[in-house]
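The values are calculated or read from the model by the stated rules, or taken from the named source; none is laboratory data. Here the structure is a predicted model, which is why all the values come from computation and not from measurement. Glycine also receives a Cβ, built like all others from the backbone with ideal geometry; neighbour counts cover every protein chain displayed. Note: areas computed on protein heavy atoms with side chains; ligands, DNA, RNA excluded. Shrake-Rupley method; radii C 1.70, N 1.55, O 1.52, S 1.80 Å.
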Amino acid sequence: MGRKLLLEKAHVEGIRTYEVYRREGGYRSVEKALKMAPADIVEEVKKSGLRGRGGAGFPTGMKWSFIAKPEGIPRHLVCNADESEPGTFKDRYLMEFIPHLLIEGMIVSSFALGSNASYIYIRGEYAWVAEILENAIAEARQNGWLGKNIQGSGFDCEMYVHRGAGAYICGEETALIESLEGKRGNPRIKPPFPAIKGAWERPTVVNNVETLAAVVPIMNIGGEEYAKIGVGKSTGTKLISACGNINKPGIYEIDMTISVEEFIFSEEYCGGIPNGKKLKACIPGGSSVPILPQNLLLTTAKGEKRMMNYESLSDGGFATGSMMGSGGFIVLDEDQCVVRHTMTLARFYHHESCGQCSPCREGTGWMERVLKNIETGKGKMSDIDLLWDIQRKIEGNTICPLGDAAAWPIAAAIRHFRDEFEWHIKNPEEAQRRNYGLAHYADPIHVPTPPVTA
Amino acid sequence: MITFSQEKLAKVAELISHYPQGRQKSALLPVLHLAQDEFGGWLDTPVMDYVAGLLNIEPIEVYEVASFYSMYNLKPVGKFMFEVCQTGPCMLNGSDNIIDYIKQKLNIKVGETTADGMFTLKTVECLGACGYAPMMQLGKNYREHLTKEKVDAIIEECRAKAN
Ligand SMILES: Cc1cc2nc3c(=O)[nH]c(=O)nc-3n(C[C@H](O)[C@H](O)[C@H](O)COP(=O)(O)O)c2cc1C
Ligand code: SF4
Ligand code: FES
């Protein structure tokens, strides 16, 4: 059993309530933090090696140290609970079942950053989760953890829940800020970065739910101890939301030292593929990251076992690797069609493009149409190159990374499953009746041996 | 005349107090949620104009926001809205079959409302419940691990509620 830091108490009866949460040791990290200098808390988080859990993996302590501190201007912490990347549903679990963990982490973080009013931006569809958080905030306030002069420390800390209204793009931090200000979720051009000019033109830090929750164990066990868990630059624990064709979909806390194979097949985690089917492919970090066929998923191109951590998942770059991303782990069994799955993702990104930049607005729609044609038996061979060309023209040419996020899954699907696309186009009728199957996607990969030098 | 009750007006004032002074527009999204719940499940122009007045902003600022976000309905919808997720992970678990079944059962297409105004069927993109697929949103809650039998039961439940 791997070490649990976030979900250790998730199954304690009544942990959602303040009373039980406190009895189980909750809010100790706030007591500790309020006795420290804010800068020392930032140091502790730096030492922990914690990397942002929202998808980009940026070191949290470093991000915090960038926040501007102009005299007389308030600063804000905003928690990103927009969680809308297909495959990702871990933040919901944390907020729904252990809401006080997020609130506790946010109080410590607010104190470290000097935010007297912090916000939780939650996706609008999680309406009942927003209510759970509001109740938990009220409990925390009644017990002196929020409000004026918390625990007699002289620090004022307010916390509010702000419900979005259905827009994936609002997970992008500058779109989120626009939405918090009551506007359309159109990403801003950076710079200025939110750390300088964010919400209401004030210095703002945006962090993911899981990132802020992880501050609690970091404070409790110390940054150095936290950094000892895991491997290399993948420190601490990571929540993985596993879904698709597996026996036990759900949320797993892993310590980043296990292999992908163990994660999928062991009883402790996903429990293998249902109905004795074989593993075909997997998107290991949310819909934006590259899909890998079984062979490259379980083994890197160098022939090493692929592990569930930031470095190993991205080993080989986009040519033969993928990314940890948000931890949204999507498994496809041998009877799934990669073309169809990719089409749903293209439709998703088209639907979610905010429309500000033409490569993203037009390109995502175009890719969806082309993929739909291939999927329904109306594709042409030249469509594959066309798709490749469109995605290449989007990548890197847009205001925000949604464009890249839309391009990558298409590129990876073509890179690794080109023959499945070709088969679809050549056999339009057969492709309506059956799937391409596992084909050669589980075959051992040829590991190039380095040339012998004399 | 469109007006919130005293209780809802107090809620609006509280929402406005969450944001810095002079930044009352920030309360627009939450106030639109309130308005949609209060005034028949959708945002008619007079409702949006009323919200603009409450927040002291231009009506156009409300329209452009209301049209951006997928949860705001700009047209009337049925009493119960089935919002079924159709994105990858749900598709892998048979969401297409569920959508087809609902279409057939209610005799409507995606985007339509039944003649009695009871049900609207909508397809939506990932709702963050991928591990509990297939799923749909119904009002403020999610219905997960959907099967044909569950869909039947949900339809019955809604009909019973309406009576
Ligand atoms: C299109 C898009 C959607 C995003 N959605 C989310 C999201 O739902 N939740 C999240 O935490 N970060 C999301 N991000 C990343 C945020 O922009 C930001 O990097 C993150 O919230 C920072 O927090 P972290 O450093 O704690 O990870 C998204 C980014 C993009 C470009
Ligand atoms: S890349 Fe797409 S989502 Fe991002 S700003 Fe441009 S159009 Fe909007
Ligand atoms: S794909 Fe349906 S809830 Fe995520």
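Can you tell which of A:Ala56, A:Ala10, A:Ala33 is away from ligand 3 (no atom under 16 Å from the Cβ), more than 30 Å from B:Ser70 (Cβ to Cβ), outside any helix (DSSP H, G or I) and not acidic (Asp, Glu)? Within the list A:Ala56, A:Ala10, A:Ala33, the selection yields A:Ala10.
Does region A:431-451 contain any residue that is modelled with pLDDT under 95, small (Gly, Ala, Ser), assigned to a loop (DSSP other than H, G, I, E, B) and open to solvent by 80 Å² or more (accessible area, probe 1.4 Å)? No: zero hits.
Consider A:Ser84 carefully, then state whether it is under 27 Å from A:Ala130 (Cα atoms), assigned by TED's automatic domain parsing to the domain that holds A:Trp200 and hydroxyl-bearing (Ser, Thr, Tyr).
Numbers: under 27 Å from A:Ala130 (Cα atoms): yes; assigned by TED's automatic domain parsing to the domain that holds A:Trp200: yes; hydroxyl-bearing (Ser, Thr, Tyr): yes.
In short, yes.
Residues in region A:121-142: is at least one over 27 Å from A:Ala167 (Cβ atoms), over 22 Å from the mean Cα position of the chain (by Cα) and open to solvent by less than 10 Å² (accessible area, probe 1.4 Å)? Please lay out each step first, then the result.
Residues of region A:121-142 over 27 Å from A:Ala167 (Cβ atoms): A:138-142.
Add one more test, that the residue is over 22 Å from the mean Cα position of the chain (by Cα), and what stays is A:138-142.
In the following step, the residues that additionally are open to solvent by less than 10 Å² (accessible area, probe 1.4 Å) were identified as A:140.
The answer is yes; a qualifying residue exists.
Checking A:Glu71 against (1) away from chain B (no Cβ under 11 Å); (2) open to solvent by 10 Å² or more (accessible area, probe 1.4 Å); (3) under 24 Å from A:Met219 (Cβ atoms), which test does it fail? The failed condition is (3).
Applying the set (1) in a loop (DSSP other than H, G, I, E, B); (2) not assigned by TED's automatic domain parsing to the domain that holds A:Leu297 to A:Ser326 leaves exactly one unmet item: (2). Screening A:Ala81 with (1) away from ligand 3 (no atom under 16 Å from the Cβ); (2) aliphatic (A, V, I, L, M); (3) open to solvent by less than 50 Å² (accessible area, probe 1.4 Å) gives one miss only, at (1).
Just checking, which of A:Glu139, A:Glu134, A:Glu83 is of a type in the set (Asp, Glu) and in contact with an Asp or Glu (Cβ under 7 Å, 6 or more places away or on another chain)? It would help to see each step written out before you state the result.
Working: A:Glu139 fails: in contact with an Asp or Glu (Cβ under 7 Å, 6 or more places away or on another chain); A:Glu134 fails: in contact with an Asp or Glu (Cβ under 7 Å, 6 or more places away or on another chain).
Sole residue among the options that is of a type in the set (Asp, Glu) and in contact with an Asp or Glu (Cβ under 7 Å, 6 or more places away or on another chain): A:Glu83.
The lone criterion from (1) assigned to a loop (DSSP other than H, G, I, E, B); (2) in contact with a helix residue (DSSP H, G or I) (Cβ under 8 Å, 6 or more places away or on another chain); (3) open to solvent by 30 Å² or more (accessible area, probe 1.4 Å) left unmet by B:His18 is number (3).
Here is a yes/no grid of residues against (1) farther than 26 Å from B:Gly139 by Cβ; (2) at pLDDT 95 or above; (3) more than 10 Å from chain A (Cβ to nearest Cβ):
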| residue | (1), (2), (3) |
| --- | --- |
| B:Arg23 | yes, yes, no |
| B:Leu32 | no, yes, no |
| B:Gln36 | no, yes, no |
| B:Phe39 | no, yes, yes |
| B:Met48 | no, yes, yes |
| B:Leu54 | no, yes, yes |
| B:Ile57 | yes, yes, no |
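Inclusion of A:Pro99 among residues that are more than 14 Å from chain B (Cβ to nearest Cβ) and open to solvent by 20 Å² or more (accessible area, probe 1.4 Å) is not warranted. Take the conditions outside the structural domain of A:Leu402 (by TED's automatic domain parsing), assigned to a helix (DSSP H, G or I), without any contact (Cβ under 8 Å) to a residue 40 or more places away in the chain and surrounded by fewer than 20 Cβ atoms within 10 Å (Cβ to Cβ) and apply them to A:Met62. Does it pass? In short, yes.
Considering region A:220-288, the qualifying strands (runs of 3 or more DSSP E), each wholly inside and each with 1 or more residues that are more than 19 Å from the chain's Cα centre (by Cα), modelled with pLDDT of 95 or more and outside the structural domain of A:Gly87 (by TED's automatic domain parsing), run over A:279-283.
Restricting attention to region A:351-404, report how many residues are within 13 Å of ligand 1 (Cβ to nearest atom), open to solvent by less than 50 Å² (accessible area, probe 1.4 Å) and of a type outside the set (Val, Ile, Thr). Of the residues in region A:351-404, 9 are within 13 Å of ligand 1 (Cβ to nearest atom), open to solvent by less than 50 Å² (accessible area, probe 1.4 Å) and of a type outside the set (Val, Ile, Thr).
Condition check ((1) without any contact (Cβ under 8 Å) to a residue 60 or more places away in the chain; (2) more than 10 Å from chain B (Cβ to nearest Cβ); (3) part of a helix (DSSP H, G or I)) across all residues:
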site	(1), (2), (3)
A:Met159	yes, no, no
A:Ala165	yes, no, no
A:Ile169	no, no, yes
A:Leu176	no, yes, yes
A:Arg184	no, no, no
A:Pro194	yes, yes, no
A:Glu210	no, yes, yes
A:Ala213	no, yes, yes
A:Pro217	no, yes, yes
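Residue by residue, here is whether (1) within 16 Å of ligand 1 (Cβ to nearest atom); (2) outside any helix (DSSP H, G or I); (3) open to solvent by 20 Å² or more (accessible area, probe 1.4 Å); (4) assigned by TED's automatic domain parsing to the domain that holds B:Asp37 holds:
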position: B:Asp96; (1), (2), (3), (4): no, no, yes, no
position: B:Ile108; (1), (2), (3), (4): no, yes, no, no
position: B:Gly117; (1), (2), (3), (4): no, yes, yes, no
position: B:Gly128; (1), (2), (3), (4): yes, yes, no, no
position: B:Gln137; (1), (2), (3), (4): no, yes, no, no
